Every structure is written in C-alpha cells, then in structure tokens.
Amino acid sequence: MSERARALFLGLFSPIIFCLVAGGAVADEATWNSLNMPKGVTEVSQAAYDIHMIMIWICTVIGVAVFGFMFYVMFAHRKSKGVTPANFHENLTVEILWTIVPALILIVMAVPATTALLKVYDTENPDIDIKVTGYQWKWQYEYIGEGVKFMSELRTPQDEIYGRAPKGEHYLREVTEPLVIPTNKKVRFLITGNDVIHSWWVPDFAVKRDAVPGLFTAAWAKTDQPGIYVGECTELCGKGHAFMPIVVEVKEEAEYDKWMAAKKEEAVVYQSTIGKEWTNAELMAKGESVYAISCAGCHQAKGEGIPGVFPALFDSPIVKGPVEDHIGILINGVAGSAMQSFADQLSEVDIAAVIHYKRNSWGNEMGDTVQPIDILNYKQTQ
C-alpha cells in the first residue's frame with residue numbers, strides 16, 4: 001500500500017473505527033438508552049426523538065468527514081516529507097462550496113425539524129381538555145366540561161423528608177391523587193399558575209410548559225401505552241419547589257371511563273356531606289389528614305411553625321380568636337404573605353375539618369365545632 005493510500009485509509013476510517021469501538025462498549029440496549037435521549041410514549045415525544053436522531057447522524061457524518069479529511073491532510077502532507085504548503089488568498093470554487101454545502105445541510109435539517117415543531121404546537125381538536133393550575137406547592141386538575149376537579153399534592157410524610165423515618169420506595173414521587181388520562185385520545189393541557197410561575201414537565205410526554213398566573217399555555221399528548229409517568233415542577237417557585245411532583249396515570253379507555261364515572265359519583269356523594277352534622281371524632285380525623293398534606297409543610301407537624309417565616313399555630317391569636325376570622329383567613333388568604341387562599345384548593349369539608357383540628361389540637365382546646373355548612377355559608381356571604 002502506497003504512502004498516500006495508507007494516509008487516506010487512516011484519515012477516513014480511524015474516526016469510523018473509533019465510533020464502532022465506542023458503540024461496542026454500549027452495545028447493550030438498556031445501556032444505550034440510558035445514555036441516549038429517551039423515546040417517550042407520545043406522538044410528540046417520538047417526533048422529538050426522531051429529530052434528535054436525525055441531527056445526531058448528520059453531525060456524526062460531518063464529524064467523520066471533517067476529521068477524516070483533517071487526519072489525511074496532516075499525515076499525507078506532513079513536514080517531514082518535505083511538502084511545501086500552498087500559498088493562496090482566495091479560491092472561488094472552495095468559497096462557493098463551503099457556502100452552498102452548509103446551506104443544503106441546514107435545509108435538510110430544517111425540513112423535519114419544522115414538521116416536528118408544527119406537530120408539537122398542534123393543539124387543535126382535542127378529545128379531552130384538562131386545565132392544569134400550579135399552586136405553591138401542588139397542582140390542580142380540572143376536566144373541562146366533566147365537573148371533575150381535584151388537587152394533587154405530595155403524599156410523602158414529613159418524617160421521611162426531614163430524615164426522621166426511612167425513605168419509602170416512591171420518595172417525593174407519590175401524590176394524593178394522580179392525573180388520569182385515557183389511551184388513544186388527544187388530551188390538551190391548558191396550563192396556568194395561581195400565585196407564582198411554575199412549570200409543568202412530564203419527560204415521557206415531551207411536555208414542558210410554564211404555568212404563568214393570568215396566562216394559559218397549551219400542550220397535548222396522545223399515547224397508546226398505559227402506565228404511570230412522573231414529572232415535576234421545573235421553575236423555582238419557593239420553599240416547597242422540590243415537593244410538587246407530577247404523576248400521570250394512563251388507563252385503557254374502558255378503565256378511564258369507569259374512573260371518570262366514579263369521580264362524578266364521588267362529586268354527587270360529596271354534595272350530600274356538606275349539610276351533614278359531623279362528629280368531633282370525624283372532624284378531628286379528617287382534619288389531621290388534611291393538615292398533614294396541606295399545612296404541615298409550612299406550619300410544621302405539631303403547629304410549631306418556623307420563626308420569622310411561618311407563624312406557629314399553637315396558642316395562636318388567630319386559632320384562638322373568633323371562628324369567622326379563622327375561616328376568613330383560609331378562604332381569602334393574607335395579602336402580602338405566604339398564606340394563600342384555599343377557597344379553590346380545599347373543599348368545604350376539608351376546610352371545616354382542618355380548622356376544627358387546629359382549634360382543638362396542641363393544647364389549643366377551643367372546644368368549638370366547625371361544620372362544612374359553616375364554610376359554605378361564609379363563602380355565600382362573600
């Protein structure tokens with residue numbers, strides 16, 4: 001083999017040989033998938049993956065060609081062979097080539113990328129509309145036109161978070177109620193925020209949209225793969241930013257229909273509980289559960305609060321004050337503070353129970369009773 005032929009071989013094939021050797025090291029599909037961009041489970045995520053792979057291969061081909069030619073030139077025209085470098089200032093042919101070739105490559109890249117972008121933002125004609133609202137630090141899901149709405153909050157106990165108990169299998173990835181969608185239906189998410197900017201991100205759906213107060217952004221997903229998919233808020237939104245996971249459960253259509261029917265029945269049953277006379281034991285049990293999920297993150301497990309940040313509830317003038325004032329704070333929030341309105345986050349039953357629990361725990365022992373109908377009556381006077 002001549003010197004020039006050997007140089008050409010080394011220049012063109014050494015990058016390819018390197019790629020093959022590196023590829024062999026990660027030949028296992030699971031290992032490769034852990035290094036590569038995940039495919040996801042929706043049409044949008046598949047489109048994003050396809051674009052990613054097209055760009056990877058284009059860049060690989062360009063890299064092999066450029067570095068191969070560079071190695072060839074360095075080896076075949078090295079100084080030790082007495083090669084004299086060319087000396088010229090311009091070459092019209094070369095300039096035309098290095099302008100046209102990159103332009104053609106960009107066009108080849110732009111066509112599939114534009115097609116994928118059009119698909120990503122095609123939120124028209126959905127089968128289901130779901131309003132997603134970000135709160136500090138939880139999510140609210142409302143199925144438009146179905147009369148179904150609920151909060152989804154972190155369910156991981158405070159003891160696990162603060163190291164007082166071993167961490168569970170689904171640490172910081174478990175919620176009180178997941179978002180549920182069906183397979184083979186185009187679901188449009190209408191995403192907004194209630195207080196500060198959040199960001200709703202589900203990697204397997206290739207969906208990430210900011211949740212901005214006063215503004216709706218749209219995204220969509222359609223998948224044929226049932227399962228549970230997790231995400232999180234990706235916009236720093238305060239103390240509990242790390243504690244507002246997203247869990248989406250995809251069900252087969254028949255199972256989804258059963259779930260939706262059960263949620264509607266649950267709403268009907270709930271209406272009958274508003275006028276019910278709850279016992280002290282029922283209110284305390286319900287209130288303790290609501291407090292642990294919705295209040296303990298700020299006011300702490302025993303109502304001790306965080307000095308200078310979140311007030312203590314033990315021996316609090318609010319908790320020991322008039323019931324109407326206490327109800328008003330939960331319904332309306334406190335302007336200029338971290339205390340937000342819970343009127344749209346908790347039901348009348350939940351608000352009544354948690355107020356009753358606060359007023360009769362940790363030594364407060366007010367002895368009064370707050371019923372769900374009291375909360376409803378207060379709302380109606382606003």
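Derivation of every value follows stated rules applied to the coordinates shown; laboratory data play no part. Everything numeric here is computed off the predicted structure, so don't read it as measured data. No Cβ is skipped: glycine too gets one built from the backbone with ideal geometry, and neighbour counts run over all protein chains shown.
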What is the calculated FRET efficiency for Asp122 to Ala261, with r their C-beta to C-beta distance and R₀ = 35 Å, to the nearest 0.05?
0.70
Answer with a single label: of (i) 62, 53, 47; (ii) 101, 46, 41; (iii) 78, 55, 37, which was calculated as Cα extents along the principal axes in Å from the structure in view?
(ii)
Which helices, counted as full DSSP H runs in the chain, have an axial Cα extent of no less than 15 Å and a Kyte-Doolittle average of 0.5 or above?
3-25, 43-76, 92-120
Between the stretch 276-299 and the stretch 167-230, what is the separation of their alpha carbon centroids in Å?
28
Quickly work out the Leu106-to-Glu160 label distance, labels modelled 7 Å from Cα along the C-beta direction, and quote it in nm with one decimal.
5.1
May I ask for the distance between the Cα centers of the stretch 336-382 and the stretch 103-133, given as a whole number of Å?
46
Over the chain, what is the mean sequence separation of C-alpha contacts under 8 Å (at least six apart), divided by residue count, expressed as relative contact order in percent?
13
For the residue pair Glu253 and Gln382, what label-to-label distance in nm results when each label sits 7 Å from Cα along the Cα-to-beta-carbon direction?
4.0
Considering only the chain, percent of DSSP beta bridges that pair antiparallel, nearest 5
75
Check the straight Cα-Cα distances from Lys167 and name the aspartates and glutamates below 15 Å, setting aside those fewer than 8 residues away within the same chain.
Asp159
As a percent rounded to 5, the proportion of antiparallel DSSP bridges among beta bridges in the stretch 128-271 is 70
For the pair Asn87 and Gln46, how long in nm is the line joining their label points, each one 7 Å along Cα→Cβ?
6.1
